[in-house]
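Undergrad: The structure that follows is given in the form of structure tokens.
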Amino acid sequence: MSKKAAYSAIVLAGGQSSRMGRPKAELPFGAATMLDFVVAEMMRVFDELVVALAKPRHYAWETFLSRAIVDDEPGQGPVTALAQALREIRYERAFVCSCDVPFVDGNLARKLCEMLGDNDDGLIPNVGGKLQMLHGVYRKTCVEALATMRIAGEDRLHRIVNFAKVRIISEEEIRALDPDPALLSFFNVNTPEDYERALALLDEKYKM
């Protein structure tokens with residue numbers, strides 16, 4: 001029987017939350033925070049977790065295999081934060097998401113890690129007509145591509161497709177893997193309205 005592959009997870013939680021007006025990572029969500037929800041789901045299925053923060057803070061979930069790091073250059077965006085986090089992980093590939101996807105599905109995330117080809121640097125879903133850069137898989141080899149992007153003055157993460165070998169998978173492929181017809185794993189909480197919807201969805205989930 002073959003040994004189960006080990007993968008890392010990265011949660012980027014150092015964003016400015018400008019549209020929300022307050023840090024999304026600390027938004028109350030159920031009995032915890034939104035970040036806590038995402039962290040718990042990642043810890044459920046992954047062998048290691050790295051959370052990138054803008055400022056130092058200690059969390060109860062921190063252990064040898066789940067730890068927080070502080071952005072070396074806070075406020076510089078996901079290209080810089082992701083490069084730093086990828087340098088920190090122990091394993092070759094990582095599922096990467098933001099802290100504002102409270103319904104992220106760890107089982108789907110792990111399946112995406114398994115789908116990354118041996119010759120690919122990354123795997124990005126295309127859902128709702130958009131590349132879901134922070135719901136994808138990145139190999140440690142992406143560090144070099146991200147560094148090149150920074151030198152070129154490119155801070156838009158979706159441009160990595162021009163700097164690394166990235167496989168794009170379609171929404172149809174995602175739906176074949178994800179039993180949720182609403183694809184809530186990809187639901188981002190960006191605005192106060194999104195937050196209210198997420199709270200309502202959470203209430204519905206607990207009532208079921």
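Undergrad: Can you name the residue in the range 108-156 that is polar (S, T, N, Q) and farther than 24 Å from residue 49 by Cβ and is also surrounded by the fewest Cβ atoms within 10 Å (Cβ to Cβ) among such residues?
TA: Here the residue is 119.
Undergrad: Does residue 104 count as among the aliphatic types (A, V, I, L, M) and in contact with a Cys (Cβ under 6 Å, 6 or more places away or on another chain)?
TA: Here the answer is yes, as residue 104 does meet what is asked.
Undergrad: Moving on. Report yes if some residue within the range 39-46 is crowded, with 19+ Cβ neighbours inside 10 Å, within 29 Å of residue 159 (Cα to Cα) and free of Cβ contacts under 8 Å to residues at least 40 places away in the same chain; otherwise report no.
TA: yes
Undergrad: I'm told residue 203 meets every condition in (1) surrounded by fewer than 13 Cβ atoms within 10 Å (Cβ to Cβ); (2) under 20 Å from the mean Cα position of the chain (by Cα); (3) not hydroxyl-bearing (Ser, Thr, Tyr) except one. Can you identify the failing condition by its number?
TA: Evaluating residue 203 over (1) surrounded by fewer than 13 Cβ atoms within 10 Å (Cβ to Cβ); (2) under 20 Å from the mean Cα position of the chain (by Cα); (3) not hydroxyl-bearing (Ser, Thr, Tyr) leaves (2) as the failure.
Undergrad: Next up: So, in the range 11-57, exactly how many residues are assigned to a strand (DSSP E or B) and within 19 Å of residue 133 (Cα to Cα)?
TA: Qualifying residue count for the region: 8.
Undergrad: If you check residue 74 against the conditions, is it under 11 Å from the mean Cα position of the chain (by Cα) and open to solvent by 10 Å² or more (accessible area, probe 1.4 Å)?
TA: Criteria not met by residue 74.
Undergrad: Another question, if that's okay. Residues being over 16 Å from residue 131 (Cα atoms) and surrounded by 14 or more Cβ atoms within 10 Å (Cβ to Cβ): count how many of those fall in the range 157-179. Step through it out loud before you land on a result.
TA: Here is the first cut: in the range 157-179, the residues over 16 Å from residue 131 (Cα atoms) are 176-179.
When the remaining residues are screened for being surrounded by 14 or more Cβ atoms within 10 Å (Cβ to Cβ), the result is 177-178.
Residues flagged as over 16 Å from residue 131 (Cα atoms) and surrounded by 14 or more Cβ atoms within 10 Å (Cβ to Cβ) within the range 157-179 amount to 2.
Undergrad: Being farther than 20 Å from residue 100 by Cβ and either more than 17 Å from the chain's Cα centre (by Cα) or open to solvent by 80 Å² or more (accessible area, probe 1.4 Å) (or both) is the requirement here; does residue 192 meet it?
TA: No, not satisfied.
The values are calculated or read from the model by the stated rules, or taken from the named source; none is laboratory data. Bear in mind the structure is a predicted one, so any value in this text is a computation, not a measurement. Every residue, glycine as well, gets a Cβ built from its backbone with ideal geometry; the counts of neighbours run over all protein chains shown. All accessible areas refer to the heavy atoms of the entire protein, side chains included, with ligands and DNA or RNA removed. Shrake-Rupley method; radii C 1.70, N 1.55, O 1.52, S 1.80 Å.
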